[in-house]
């Protein structure tokens, strides 16, 4: 079971951005793979901290996590736009280098080679794609696998996304000597200060294409479409956003792909309505059935069910079918189905029916308050 993100970083839910950054920095330095070579446990903790910081440092992801927990970030193929889809160590260094800054302990302790190497040969990251997926109540209750055709930038099949005609169509950038960064040393009143910035010649890639792929014209990607299989967990709600890492637009010249962001929309059911985890069904009873009692068959999200209506059932009476509602995306158990009785009043009646009703009007049993149940319950007594 995944650990709580706040527990991983050792912060409270009200932690500020600075507190989050300090907490992550401390853990990352402690378990950095260069400090713990060959230690799989330390590497796992390093990745775990990066995943926690990725979510909690982003307001949108943090709000989703606070509301839905790990399920809201998406498990089994979904992620919060960060590490759920299997980001490697290079991705972590690339995404969170700003936490440590230039001249950081990562460079001073570990030589700084890792930061420059991770950028070499990597082009521009692809953008995210946002789509809407409509689900009916049955799909929400059970979870569903959807096959969605997405139009987007895909990796060029001719050059495998490199943007070059062949493997020999590259040369090392002479400006940065293949490092992807240029370093400058300036003299200040405090002494020499070294700064680094992205190489303006190769845009941080460390190499330059000498002969471009004719199919993609050197971009490493083309516009096309991909059929994507989306596993949507049971219990999702209207407005929740799921994400699939690396399923967005392909990056340029080997850059990382963006994410596919999936916004859930609920289709209106013809007979049932959703209220949180509960399902509500308005049962329209005629006057005779309400007075005499009856058995009726009602629809549920898993088929149909038969319930008994006792004699003298009042309009507004609520019957609860336990466990017939929707599952929660972030906990065990299901909601209930609530059957709300509504007495049907006809607008048109025959002369014979009018005569019967006139006779009943004067009957003691039909005078409000005269035949009420002395054990009549209040509002909460409507549930049983």
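All conditions in (1) in contact with a helix residue (DSSP H, G or I) (Cβ under 8 Å, 6 or more places away or on another chain); (2) at pLDDT 75 or above; (3) surrounded by fewer than 17 Cβ atoms within 10 Å (Cβ to Cβ) hold for residue 58, with the sole exception of (1). The strands (runs of 3 or more DSSP E) found wholly in the stretch 293-332 and carrying at least 1 residues that are in contact with a helix residue (DSSP H, G or I) (Cβ under 9 Å, 6 or more places away or on another chain) and free of Cβ contacts under 8 Å to residues at least 40 places away in the same chain occupy 294-300, 303-309. When residues in the stretch 1-39 are screened for being in contact (Cβ under 8 Å) with a residue 60 or more places away in the chain and either part of a helix (DSSP H, G or I) or in contact with a strand residue (DSSP E or B) (Cβ under 7 Å, 6 or more places away or on another chain) (or both), 6 of them pass.
The values are calculated or read from the model by the stated rules, or taken from the named source; none is laboratory data. Please read all numbers here as calculations on a predicted model, not as lab measurements. Ideal geometry is used to build each Cβ from the backbone, glycine not excepted, and the neighbour counts take in all protein chains shown.
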